[in-house]
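Have a look at the structure below, then the notes.
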There are 2 protein chains.
Amino acid sequence: MKIAVDAMGGDHAPQAIVEGVMLAKKEHPEIEFLLYGKEDEIKKYVTDATNVKIIHTDEKINGEDEPVKAIRRKKTASMVLAAQAVKNGEADAIFSAGNTGALLAAGLFIIGRIKNIERPGLMTTMPFVGSNEGGFDFIDMGANAENKPEHLLQYGVLGSYYARNVRKVAKPRVGLLNNGTEDGKGNELTKAAYKLLAEEPSIHFVGNVEARDLLSGVADVVVTDGFTGNAVLKSIEGTAMELMKLLKSSILDAGIKGKFGALMLKDALKSMKTELDYSTHGGAVLFGVKAPVIKTHGSTGPEAVNYTIQQIYTMLESHVIEELVEHFETQA
Amino acid sequence: MKIAVDAMGGDHAPQAIVEGVMLAKKEHPEIEFLLYGKEDEIKKYVTDATNVKIIHTDEKINGEDEPVKAIRRKKTASMVLAAQAVKNGEADAIFSAGNTGALLAAGLFIIGRIKNIERPGLMTTMPFVGSNEGGFDFIDMGANAENKPEHLLQYGVLGSYYARNVRKVAKPRVGLLNNGTEDGKGNELTKAAYKLLAEEPSIHFVGNVEARDLLSGVADVVVTDGFTGNAVLKSIEGTAMELMKLLKSSILDAGIKGKFGALMLKDALKSMKTELDYSTHGGAVLFGVKAPVIKTHGSTGPEAVNYTIQQIYTMLESHVIEELVEHFETQA
């Protein structure tokens, strides 16, 4: 098993990335890593060189680069070389904490779509609040600005394979994000997608779900178009962020009494934060391309890199991509 | 000033509704109230009958009634009679805590659209977190399942009038909810709406805004299509609800220490809850029809009814609807 790593992507690259790889090696020493980037900088953090190969390049893609242009013009960028390695069969998966748009473009244009999958989607596993175990696979969270009903059907199938193979959910419940739970609700897109999802024999479709019920566990896979998915994900993030800030300032406003209270509540708050931290659930997957293409937040630290590499490991071991290729092979 | 009240709408009707009206009368004894519903039930809660007229009817629209059918068939339902009173000029505004879809239908089909406004939107004022003063007017939060770019332009104008006249924001910043802040981002709808909003001289357009920044105060008016607006609003509600639950259970899990801490933190948590309680910001307005049509949550209590009546009072006093009629009168 070989994983191509864009060692130069992310706010704390290459340090956080390489340190994360070193953590992952302890759990799975058999994984071979190809690290793309500046050799002298990467080397500083390689504490165990077994099964680690550094491929030196000076070029890299920056956060502000225009994605498609960057992929085409920066032909020796660390991310581009890592994607090329996957395309050429030298690696089985690619990991990056760099420019999201560029990684999506690299996935689509270098690695390529699975046959008959029209629009790969960006998928993340969001935790159910109040349970460390469960979560839902949310797809498309923003790879596409527009989607057709057929894409949403494919997301239902993709998400079900992921939930079964990677997250070991025996019979994943697939929900369609909609503006009401009743049948017949929705816009043109969701009304048409509902019919397709309801008729699909390979998934367990549970109907429409509303955004307010996602975190409480109404479905294991939630499909939506990329525009709405992006808005919902950012709403959840923004609300959680503002509430944590508000809680902090409420404690400060309350003065000594509050500070004492806060001290007492520290453990409780810490466990709350841990539950909300979905970096422990791995990175976002560009799902529907021929190999695992995984992205984590630019601000990612070594621990989250490690989690994400475990996720890639499970994806490869479970042969989820091969099963998807087979599933879609025979589609019209 | 006369307000028609559907006294039978909502989970705690007519008690909560009539009690709320009595609270509002204390602040504005000059308002005349027309209360529609079962006279004997309503009478029980009327502690001050000055300027209060009860119009008896036995019929009412229920939560599970199909909205358009209910409006057409239940011709003497309290909500329908109240809307008729506004249409006939016997009242200046309508208030209901009943079936949302039915109230939208009553607003559109009985009271009617302002000339040249194609698709009235449902608007609510959401609080900025961390400040009791400010908030943003969010439109359309779900009156329509589909919208055209022209509708979003009209929402920008509608929201600006509301922010200026009712909330006294001198120069409201209008943002377009989009999947990125850069110009040129978005789907077909938002790309086209961006151009229209940027060219509109009567508003102060500040460009694209992202869902994660709404609560921190990135704009005073946020326009979006009804499908996305519905998803964003429910995401914010769901996340806030789950986090409050999580905080509670974290405190309980922490045992005595946590319970003691919770006691200490009680004031802080209470102020946090107050900030999040957007019923204090009034109800949702079906905006773009010929009179104020205002809806609050079905679970609304007397205090929230009172706040909402203050909101209607300010809308009427500020002549926001008359100004809108004039603004749109001359449009193509």
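Could you please find all residues in the range B:298-317 being surrounded by fewer than 20 Cβ atoms within 10 Å (Cβ to Cβ) and at pLDDT below 90?
B:298, B:299
If I filter the range A:44-56 for residues that are crowded, with 24+ Cβ neighbours inside 10 Å, in contact (Cβ under 8 Å) with a residue 12 or more places away in the chain and of a type outside the set (Gly, Ala, Ser), do I get at least one hit?
No, that holds for no residue.
Do any strands (runs of 3 or more DSSP E) entirely within the range A:164-238 hold 3 or more residues that are away from chain B (no Cβ under 12 Å), and if so, which? Spell out how you get there, then give the answer.
Working: elements: A:173-177, A:204-209, A:221-223.
Per the criteria, A:173-177, A:204-209.
Suppose we filter B:246, B:263 for residues that are in the same structural domain as residue B:148 (by TED's automatic domain parsing) and either open to solvent by 10 Å² or more (accessible area, probe 1.4 Å) or modelled with pLDDT of 95 or more (or both); which single one remains? Outline the logic, then answer.
Working: B:246 fails: either open to solvent by 10 Å² or more (accessible area, probe 1.4 Å) or modelled with pLDDT of 95 or more (or both).
After applying the criteria, what remains is B:263.
In the range B:57-82, what count of residues is obtained for those that are surrounded by 22 or more Cβ atoms within 10 Å (Cβ to Cβ) and over 26 Å from residue B:311 (Cα atoms)?
Counting residues in the range B:57-82 that are surrounded by 22 or more Cβ atoms within 10 Å (Cβ to Cβ) and over 26 Å from residue B:311 (Cα atoms) gives 1.
Within the range A:187-206, count every residue that is more than 14 Å from residue A:172 (Cβ to Cβ) and touching a Phe, Trp or Tyr at 6+ places or on another chain (Cβ under 7 Å).
Just the residues of the range A:187-206 that are more than 14 Å from residue A:172 (Cβ to Cβ), to begin with: A:187-196, A:198-199, A:201.
Now restrict to residues that are touching a Phe, Trp or Tyr at 6+ places or on another chain (Cβ under 7 Å): A:187, A:198.
Residues that pass the stated criteria total 2.
Condition check: in contact (Cβ under 8 Å) with a residue 40 or more places away in the chain and either open to solvent by less than 40 Å² (accessible area, probe 1.4 Å) or hydroxyl-bearing (Ser, Thr, Tyr) (or both). Does residue A:216 satisfy that?
Values: in contact (Cβ under 8 Å) with a residue 40 or more places away in the chain: yes; either open to solvent by less than 40 Å² (accessible area, probe 1.4 Å) or hydroxyl-bearing (Ser, Thr, Tyr) (or both): yes.
Yes, satisfied.
Have a look at B:147, B:132 and point out the one that is in a loop (DSSP other than H, G, I, E, B), at pLDDT below 95 and of a type outside the set (Phe, Trp, Tyr). If you could, list the steps in order and put the result at the bottom.
Values: B:147 fails: at pLDDT below 95.
B:132 is the lone residue from the list that is in a loop (DSSP other than H, G, I, E, B), at pLDDT below 95 and of a type outside the set (Phe, Trp, Tyr).
Check B:295, B:273, B:290 and return the single one that is modelled with pLDDT under 75 and not aromatic (Phe, Trp, Tyr). Reasoning before the result, please.
Working: B:295 fails: modelled with pLDDT under 75; B:290 fails: modelled with pLDDT under 75.
Of B:295, B:273, B:290, the one residue that is modelled with pLDDT under 75 and not aromatic (Phe, Trp, Tyr) is B:273.
Going through B:141, B:126 one at a time, which residue ends up being touching a residue at least 60 places away in the same chain (Cβ under 8 Å), within 14 Å of chain A (Cβ to nearest Cβ) and either in contact with a Lys or Arg (Cβ under 9 Å, 6 or more places away or on another chain) or in a loop (DSSP other than H, G, I, E, B) (or both)?
Of B:141, B:126, the one residue that is touching a residue at least 60 places away in the same chain (Cβ under 8 Å), within 14 Å of chain A (Cβ to nearest Cβ) and either in contact with a Lys or Arg (Cβ under 9 Å, 6 or more places away or on another chain) or in a loop (DSSP other than H, G, I, E, B) (or both) is B:141.
Test of understanding: among B:69, B:44, which residue is of a type in the set (D, E, K, R) and closer than 23 Å to residue B:107 by Cβ? Can you show your working first?
Details: B:44 fails: closer than 23 Å to residue B:107 by Cβ.
Result: B:69 is the single residue among B:69, B:44 that is of a type in the set (D, E, K, R) and closer than 23 Å to residue B:107 by Cβ.
Which one of A:105, A:143, A:163 is under 21 Å from the mean Cα position of the chain (by Cα), of a type in the set (Gly, Ala, Ser), assigned by TED's automatic domain parsing to the domain that holds residue A:9 and surrounded by 22 or more Cβ atoms within 10 Å (Cβ to Cβ)?
Numbers: A:143 fails: assigned by TED's automatic domain parsing to the domain that holds residue A:9; A:163 fails: assigned by TED's automatic domain parsing to the domain that holds residue A:9.
A:105 is the lone residue from the list that is under 21 Å from the mean Cα position of the chain (by Cα), of a type in the set (Gly, Ala, Ser), assigned by TED's automatic domain parsing to the domain that holds residue A:9 and surrounded by 22 or more Cβ atoms within 10 Å (Cβ to Cβ).
The values are calculated or read from the model by the stated rules, or taken from the named source; none is laboratory data. These numbers come from a predicted model, not from an experiment. A quick note on method: Cβ atoms are made from the backbone with ideal geometry, for glycine too, and the neighbour counts reach across all protein chains shown. These accessible areas exclude ligands, DNA and RNA; they are computed on the full protein's heavy atoms, side chains included. Shrake-Rupley method; radii C 1.70, N 1.55, O 1.52, S 1.80 Å.
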